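Right, one structure below, let's go through it.
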Amino acid sequence: MVTKYIIMCGGEYKQFETPRQLSVVCGEELVARTIRLLKENGINDIAISSNNPIFEKFGVPILKHDNNYVISEENKVISGQWFNAFYPTDDPVCYIFGDVYFSEKAIKTIVETETDDIELFGSKKPFTNNYIKEHEEPFALKVMKPKHLQEAIKKARKLDEEHKFWRKPLVWELFTVIKNAPLQTKKDEYTTDYTGISDYTVDIDRPDDVKKLNKMLGGIEMIKCEVIKEFTLEKYDELKNIKRKSIEVKGKLLIGDTFECEKEMADYLMGGNSKNETVVKIIEIIPPIRKNDVENIILLNKKQVEKLSKEILEKVEVKKAKKKTSKK
């Protein structure tokens, strides 16, 4: 029986300002959610594999582990191999991918599924309506025989050096080697079966995935703004619940008008635009409305509004400083 769980949080992803395993969905970081769900399913031997000290805040052991796997802003491999993500151990272990948003059902399935060798867990077609991707994603690898995994990684590295895979090998290619199945020759041509998880559980590849997931799960908080300097906006349709103080001009906001938008848009309108111009002020933060939670909506107070405004303005100042530095 596998009782040790290692959450893999290595690698570098250029599209993300912080490690993508710390992406926030519905107010909770991915790693924090995974740890919580594992504990709720009776798992207490939990560790994080990473060299980044930022993960120490979660209160579980940190397994220092070099992983030179680097993904560019275009989501392409710059250096390293995905195989480097596995912290070496001789004990039976379940490797949980740190950049996955897990449903309660998914973690329960992973914990309760037994194997006498190695089992892969991932999304599988046909997808449910609340799955945000168009392709399968891997979520975890449960290993009862660590020696078999180490042998498979060694073999897969050699096959990669011989250019036997159609791309830089990932978990699908590794699992093919583990099962001694024919190698894939094209995308999504999986040559061995795995345990499918069919719900909204999904791997986060890009910042936009976080946004899609938050929208789908009702985890987007809306920012209510008041116009302090009139402006026109190409993305006018992204503004919600516009209330006019005077006349209505399509695509243009006048002083005193109010509206709701997502935080990214509020950042933009508070100075994160090409003109470094602040045209709105935040007057209210509206937390997300989730299913079965309609009665518990509490508007955030003045102190929290001031805090968010300060955070946005500080972020804008950093962007301005970076622009000045790049011009020199």
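The values are calculated or read from the model by the stated rules, or taken from the named source; none is laboratory data. The shown structure was predicted, so the numbers you read here are calculated from the model rather than taken from an experiment. Neighbour counts are summed over all protein chains in view; Cβ atoms, including those assigned to glycine, are modelled from backbone coordinates with ideal geometry.
Things to note:
- Enumeration of residues in the stretch 165-208 that are among the charged types (D, E, K, R) and modelled with pLDDT under 90: ARG167, LYS168, LYS186, LYS187, ASP188, GLU189, ASP205, ARG206, ASP208
- Residue selection: GLN184 fails the criterion of being surrounded by 13 or more Cβ atoms within 10 Å (Cβ to Cβ), of a type in the set (S, T, N, Q) and in a helix (DSSP H, G or I).
- Of the criteria (1) surrounded by 19 or more Cβ atoms within 10 Å (Cβ to Cβ); (2) modelled with pLDDT of 95 or more; (3) touching a strand residue (DSSP E or B) at 6+ places or on another chain (Cβ under 6 Å), which one PHE55 fails: (2)
- Some residue of the stretch 262-269 being crowded, with 16+ Cβ neighbours inside 10 Å, assigned by TED's automatic domain parsing to the domain that holds LEU308 and touching a Leu at 6+ places or on another chain (Cβ under 7 Å): no
- If you go through the stretch 92-122 and pick out every residue that is assigned to a loop (DSSP other than H, G, I, E, B) and either over 21 Å from VAL210 (Cα atoms) or out of contact with any helix residue (DSSP H, G or I) (no Cβ under 9 Å at 6 or more places or on another chain) (or both), you end up with 6.
- Residues of the stretch 132-158 classified as buried (at least 17 other Cβ atoms within 10 Å of the Cβ) and part of a helix (DSSP H, G or I), total: 4
- With respect to (1) at pLDDT below 95; (2) more than 17 Å from ILE204 (Cα to Cα); (3) touching a Phe, Trp or Tyr at 6+ places or on another chain (Cβ under 6 Å), the lone exception for LEU120 is condition (1).
- Tallying residues that are polar (S, T, N, Q) and in contact with a helix residue (DSSP H, G or I) (Cβ under 9 Å, 6 or more places away or on another chain) within the stretch 145-179 yields 1.
- Tally of residues being farther than 25 Å from ALA85 by Cα and free of Cβ contacts under 8 Å to residues at least 12 places away in the same chain across the stretch 120-138: 2
- Residue list for the stretch 234-254, filter: part of a loop (DSSP other than H, G, I, E, B), more than 29 Å from the chain's Cα centre (by Cα) and surrounded by 13 or more Cβ atoms within 10 Å (Cβ to Cβ): ARG244, LEU254
- Taking the criterion of being among the basic types (Lys, Arg) and either surrounded by 15 or more Cβ atoms within 10 Å (Cβ to Cβ) or assigned by TED's automatic domain parsing to the domain that holds GLU264 (or both), the residues of the stretch 9-35 that qualify are ARG20, ARG33.
- Condition check for TYR236: in contact with a Gly (Cβ under 9 Å, 6 or more places away or on another chain) and in contact (Cβ under 8 Å) with a residue 24 or more places away in the chain: no
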